[in-house]
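As structure tokens, the structure follows; a few thoughts come after it.
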Amino acid sequence: MRDLFTEIWESLRRNKLRTALTGFAVAWGIFMLIVLLGAGNGIMNTTEANMSGINANTMEVYGNVTSKPYGGFKQGRYIELDEHDLAVTASPAFADHVDEISAILTQSGFKMTYGKRYFDISLSGVYPDYARMNRVDILAGRFINRNDLNARRKVIVITHMQARNFLGGKENYEALIGQRVKIGNLSFQIAGVRRAAENENDSEIFTPYTTLKGIFSKSNKIDMLAFTFHGLDTEEENEAFENDYKRTLNTLHGAAPDDERAIWIGNSFRMNMQMNKGRHMLEVFLWIVGLFTLLSGIVGVSNIMLITVKERTHEFGIRKAIGANPWGIMKLIIAESVSITAVFGYVGMVLGMLACEVLDATVGANPIELFGESIKVMQDPSVGLDVAMEATLLLIVAGTVAGLIPARKAAKVKPIEALRAE
């Protein structure tokens, strides 16, 4: 074995430039594959992070504009949801799948004042179930509860950025629990502090639905209703439920039962399934691009080995003349091919993972401004060590295959013809 490695080293040392160029092609191939996969993971992680605040099995329902005339009404009529829709959603007709239900009523244009500090805010009246549906992260205090809802208490849940401002930059949010702020001409008590998205304009303040409706809204209209569900495990089942639900609400509001646009439903479960499909397609595409890049390096290794065999034909003839068997010569060529792909493949893998770290420290750590909002392009653009090792092992296997053709050619060299070769 030691003699084999010595021969390989001598062969590579005699052709430094050729070895370096071939190795660069191999390293570049695995480097690009790792970077492409890392960048793809970073983009998908950002997408998943933006959806992380939504329960995996939640539907959000909004009124929309009708797309066809019906019942004496022209198309283009706006459908407004109301509390009757809440009752229908909670009815036995949908009880087999619907779990928790929440209505949302929003009023904007308020100024919230605490001492000499103030914020321009919007108030959202919600049910207690809203916190679970949207994974509201409470940092101090609590969220709206049933007692608040039933008693129409003037309590609010503010964001941690607002709380930090009220505290002069400090983060002892518990100090604000029970304190009162002025919203418009009314006094509200702070019940909790929630985590807000710092890279978005998130200033929404939550209060009990009944409180907001009793003070600011005299109608039974709602801006949106949401509910969690179970038992809809496939895209087909979700689509069938949505169509049935839309037909029911359309009929309630005098819209055509088959009007697809009158009611808009945001289904987080279906969005997750579509996102997973998109992630899979992106990964397949990146693997294909990366493997073609790898292929160019492997072809280079095979070509170099063919040149090596041609240059060493005389040497192989002498080896066979003194008793070397064909497998010994094949082993030498294959080992040289594997050595190039393994060493430079490992170098490319390490550099690729370092490049992913650089991406995370630069692009990942510096959000961009888009339409007035700060958005991260990539989040944790990395590749697991298992994936990187699998890609490198694949490269080594490919290097073995790349050396087979030149090795077989070398093994077939006839001693007499080889000794005559120049």
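The values are calculated or read from the model by the stated rules, or taken from the named source; none is laboratory data. Note that the structure is a prediction, hence the values are computed from the model and not measured. Because the Cβ atoms are built from the backbone with ideal geometry, glycine has one as well, and the counts that use them run over all protein chains shown. Note: accessible area is taken over every heavy atom of the protein model, side chains too, but ligands, DNA and RNA are not part of it. Shrake-Rupley method; radii C 1.70, N 1.55, O 1.52, S 1.80 Å.
Of everything listed in (1) assigned to a strand (DSSP E or B); (2) modelled with pLDDT under 85; (3) under 26 Å from Glu80 (Cα atoms), the single unmet condition for Phe119 is (3). Condition check for Lys170 on (1) in contact (Cβ under 8 Å) with a residue 12 or more places away in the chain; (2) within 36 Å of the chain's Cα centre (by Cα); (3) assigned to a loop (DSSP other than H, G, I, E, B): one failure, at (1).
No other residue among Gln75, Gln107 is open to solvent by 50 Å² or more (accessible area, probe 1.4 Å), among the polar types (S, T, N, Q) and assigned to a loop (DSSP other than H, G, I, E, B) apart from Gln75.
In region 91-116, of all residues being more than 24 Å from Asp259 (Cα to Cα) and aromatic (Phe, Trp, Tyr), the one that is modelled with the highest pLDDT corresponds to Tyr114. Is there a residue in region 24-40 that is of a type outside the set (D, E, K, R), in contact with a strand residue (DSSP E or B) (Cβ under 6 Å, 6 or more places away or on another chain) and open to solvent by less than 20 Å² (accessible area, probe 1.4 Å)? Within region 24-40, not a single residue is of a type outside the set (D, E, K, R), in contact with a strand residue (DSSP E or B) (Cβ under 6 Å, 6 or more places away or on another chain) and open to solvent by less than 20 Å² (accessible area, probe 1.4 Å). Taken over region 78-96, residues that are of a type outside the set (Gly, Ala, Ser) and open to solvent by 50 Å² or more (accessible area, probe 1.4 Å) amount to 6. Condition (residue is closer than 19 Å to Leu105 by Cα and assigned to a strand (DSSP E or B)) applied to region 195-205: is it met by at least one residue? Yes, region 195-205 has at least one match.
One residue stands out in region 203-221 among those that are open to solvent by less than 40 Å² (accessible area, probe 1.4 Å) and at pLDDT below 90: the one that is farthest from Ala90 (Cα to Cα), namely Ser203. Scanning region 140-165 for residues that are touching a Lys or Arg at 6+ places or on another chain (Cβ under 8 Å), open to solvent by 30 Å² or more (accessible area, probe 1.4 Å) and closer than 17 Å to Ala196 by Cβ yields Arg164, Asn165. Against the conditions (1) modelled with pLDDT under 90; (2) closer than 20 Å to Asn267 by Cα, Val88 satisfies every one except (1).
Restricting the first member to region 61-81 and to residues that are over 21 Å from Phe241 (Cα atoms), and the second to residues that are of a type in the set (Ser, Thr, Tyr) and at pLDDT 95 or above, no beta-carbon pair is closer than 6 Å while six or more apart or on different chains. Of Asp137, Asp129, all but one fail to be within 28 Å of Thr58 (Cβ to Cβ) and surrounded by 15 or more Cβ atoms within 10 Å (Cβ to Cβ); the exception is Asp129.
Restricting attention to region 2-19, does a residue exist that is closer than 30 Å to Leu359 by Cβ, surrounded by fewer than 16 Cβ atoms within 10 Å (Cβ to Cβ) and at pLDDT below 85? For region 2-19, residues closer than 30 Å to Leu359 by Cβ, surrounded by fewer than 16 Cβ atoms within 10 Å (Cβ to Cβ) and at pLDDT below 85: absent.
Taken over region 176-185, the criterion of being open to solvent by 50 Å² or more (accessible area, probe 1.4 Å) and modelled with pLDDT of 90 or more is satisfied by Ile177, Gln179, Arg180, Lys182. Scanning region 244-273 for residues that are acidic (Asp, Glu) and open to solvent by 50 Å² or more (accessible area, probe 1.4 Å), which turns out farthest from the chain's Cα centre (by Cα)? Looking at the filtered set, the residue picked out is Asp258. The helices (runs of 4 or more DSSP H) found entirely in region 226-341 that carry 3 or more residues being modelled with pLDDT of 90 or more are 235-252.
To keep it simple, each residue is scored yes or no on (1) under 30 Å from Asn325 (Cα atoms); (2) under 30 Å from the mean Cα position of the chain (by Cα); (3) modelled with pLDDT under 75; (4) open to solvent by less than 80 Å² (accessible area, probe 1.4 Å).
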{"residue": "Leu370", "(1), (2), (3), (4)": "no, yes, yes, yes"}
{"residue": "Ala391", "(1), (2), (3), (4)": "no, yes, no, yes"}
{"residue": "Leu404", "(1), (2), (3), (4)": "yes, no, yes, yes"}
{"residue": "Ala407", "(1), (2), (3), (4)": "yes, no, yes, yes"}
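For the residues Asn147, Asn165, the requirement of being among the polar types (S, T, N, Q) and out of contact with any strand residue (DSSP E or B) (no Cβ under 9 Å at 6 or more places or on another chain) singles out Asn147. Residues in region 256-274 that are of a type in the set (Gly, Ala, Ser) and either over 17 Å from Thr89 (Cβ atoms) or in contact with a helix residue (DSSP H, G or I) (Cβ under 6 Å, 6 or more places away or on another chain) (or both): Ala256, Ala262.
Taken together, the criteria place Val136 among residues that are part of a loop (DSSP other than H, G, I, E, B) and over 30 Å from Asn243 (Cβ atoms).
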